[in-house]
């Protein structure tokens, strides 16, 4: 079994069991990260992004089932297998786990070869899922009746075949050309300002009508740009191109473009959390986020900040809304990617 340094998160509160499973996993070539409870598991998951999670069913006052339900969306987005450890074979536990969507189970006797086989199968399924998802996107990318392109900052870095045909770029799908070197936005000063806002991530969606090519002003297009992400080093923009005279232009609705770009964001970057309506956090919300990133439960956060449990819940609710997150894990992931936890 070849697992050169792949990270696995082992969640096991029992010290002896922790050592036992860690030794087997290290012998199989994994880099083992350990946690003893739900809070520390969440913290380790956020910090290390493991390829596999192995979790004991009994976690002191919590359970592996509870942790899986908390992590379900995050694990699905990242194709991270979740394997539940059962100290006793129990059909009810298996039935519940299968119904919840847990990927696999380990139960006595805990043998090296058995564990290796289960882990290998889960890694292969995860890799296949990632490959198939990307393959589906690539097929759609090339088959769609629209020209599609992706920008990093102001430069077009990837295109599909139809885009190249429409703007007469040849067959190359990998470019490094300024968008303004291909399209002439200067025919209308309002377009230049709108493009500037989009390229700087100020507006989420922008549409441009009747934009000519720099190389041929008789060839005109309608463009739809979508701000994907600002990762701190660059701004990512996705774009869709339709000839102004195209039959599809009569049928096209910008609302149909949004799911496509969100799908691309998920498939290409695995960072599919768009900005909420308000990216500004109060100082108190930053404090709550920082403590949550450290794995602190709500009661501990309330105690450290000297506020009530209800107030902590209110701050968390505001954080979820501002980040379009379903739980604190997604919210902390968002804040870390935006470097918000570095704020004072």
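Between 113, 142, the distinction of being modelled with pLDDT of 85 or more, part of a helix (DSSP H, G or I) and surrounded by fewer than 13 Cβ atoms within 10 Å (Cβ to Cβ) belongs to 113 only.
Conditions tested, residue by residue: (1) in a helix (DSSP H, G or I); (2) at pLDDT 80 or above; (3) in contact with a strand residue (DSSP E or B) (Cβ under 9 Å, 6 or more places away or on another chain).
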| position | (1), (2), (3) |
| --- | --- |
| 170 | no, no, no |
| 186 | yes, yes, no |
| 201 | no, no, yes |
| 238 | no, yes, yes |
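Taking residue 30 as the residue in question, decide whether it is modelled with pLDDT of 90 or more, surrounded by 15 or more Cβ atoms within 10 Å (Cβ to Cβ) and assigned by TED's automatic domain parsing to the domain that holds residue 124. Yes, satisfied. Counting only residues that are crowded, with 21+ Cβ neighbours inside 10 Å and either within 18 Å of residue 15 (Cα to Cα) or free of Cβ contacts under 8 Å to residues at least 60 places away in the same chain (or both), region 46-56 holds 5 of them. Among the candidates 87, 73, the residue that is surrounded by fewer than 17 Cβ atoms within 10 Å (Cβ to Cβ) and not in a helix (DSSP H, G or I) is uniquely 87. When the residues of region 302-332 are filtered to those that are out of contact with any helix residue (DSSP H, G or I) (no Cβ under 7 Å at 6 or more places or on another chain) and surrounded by 16 or more Cβ atoms within 10 Å (Cβ to Cβ), the one that is nearest to residue 78 (Cα to Cα) is 322. Residues in region 176-209 that are within 25 Å of the chain's Cα centre (by Cα) and either in contact (Cβ under 8 Å) with a residue 24 or more places away in the chain or surrounded by fewer than 16 Cβ atoms within 10 Å (Cβ to Cβ) (or both): 9 in all.
The values are calculated or read from the model by the stated rules, or taken from the named source; none is laboratory data. Here the structure is a predicted model, which means the values were calculated and not measured. Counting neighbours? That spans all protein chains shown, and the Cβs are built from the backbone with ideal geometry, glycine included.
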